[in-house]
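Read through the structure below, which is laid out as structure tokens, and then see the notes.
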Amino acid sequence: MPTSLRWLSAGVLVILLGGCGRGAEQGPATPNAPPTVAAAASMRSAMPSLIEAFGQPVTVTYGGSGTLMRQVEGGAPIDVVLFAAASPVDDLVAMGLADGATRCKVASNELVLIGSQDSPALTWQTLTELPVTERLAIGEPAAVPAGAYAKDALMQLGSWAALQDRVVYAGDVAAVLAYARRGEVAAAAVYSTDLHGVEDVRVLDRARWEGAPTPEVVGAAVTPSPSGRAFLEFVAAPAGASILARYGFGPK
């Protein structure tokens, strides 16, 4: 896992929703209170179906995993985190702000290079051939796991030094996708799951070479909220995995 995976723009949506292991109880929780879940922006498409299947009310905050992590650090009322990388979850566990006994990998993902329908044919390996006036959009590596994965991929390929002055940074992966959909950049790095239901961009290349970054979704309970932990367990269970697979997420 690249060391740059250190992690926060979030919108709040109240919808139906809801730990892998139960872990130790860390304090009082209001019985049956709807939990608040801080979810990576890349979970936005799948979350409503997960919530519907879980069948209980939950408040969901979406954003860059790093931004959400800092909200937990600041004392935001968050019961469960579902982040797009392991590092921000592990950081919370190390700080005593998340229950390590509930920490679990929920799913995997894939990093893809996309562009508008008019974008030139590019691959990860040929990005350095972009004209100097063209731009590449990625998430801010210090706050957005997709951006950290993209930077890591370009560093592996020896392309980062040549491209970093042409990179446009965004606060979460949804904003990166928006750059590509508006045709404001020649290419953008997002997850394959971000393209669910999106028809106005095309996949230019996939990060599938040996040793390429493998994105993952990792969760943990922040508070002893029974409904929050039950939701995390549901997402990590076969029923949750089946729903995630419909939205393009891979196995754990």
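The values are calculated or read from the model by the stated rules, or taken from the named source; none is laboratory data. A quick note: this is a predicted structure, and the numbers were derived from the prediction, not measured. Here the Cβ is made from the backbone with ideal geometry for all residues, glycine too, and neighbour counts use every protein chain on show.
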> Considering Ala230, Ala239, Ala221, which residue is crowded, with 24+ Cβ neighbours inside 10 Å and more than 20 Å from Ser119 (Cα to Cα)?
Replying inline: Ala221
> Is there any pair with a first residue in the range 193-207 that is over 11 Å from Leu177 (Cβ atoms) and basic (Lys, Arg) and a second that is modelled with pLDDT of 95 or more and not in a strand (DSSP E or B) whose Cβ atoms are under 7 Å apart and which are 6 or more apart or on different chains, and what are they?
Replying inline: Arg206/Glu110
> What are the residues in the range 216-252 that are in a loop (DSSP other than H, G, I, E, B) and in contact with a Pro (Cβ under 7 Å, 6 or more places away or on another chain), if any?
Replying inline: Ser225
> In the range 34-136, which strands (runs of 3 or more DSSP E) lie fully inside it and hold 1 or more residues that are closer than 26 Å to Pro226 by Cα and modelled with pLDDT of 95 or more?
Replying inline: 36-40, 57-63, 80-83, 104-108
> Picking from Asp152, Asp118, Asp79, which residue would you name as being surrounded by fewer than 24 Cβ atoms within 10 Å (Cβ to Cβ) and farther than 18 Å from Leu204 by Cα?
Replying inline: Asp152
>> Condition first: closer than 13 Å to Asp79 by Cβ and surrounded by 21 or more Cβ atoms within 10 Å (Cβ to Cβ). Now tell me which residues in the range 31-59 satisfy that.
In response: Pro35, Thr36, Val37, Ala38, Ala39, Val58
> Does Leu177 satisfy the criteria of being over 16 Å from the mean Cα position of the chain (by Cα) and either assigned to a loop (DSSP other than H, G, I, E, B) or crowded, with 16+ Cβ neighbours inside 10 Å (or both)?
Replying inline: no
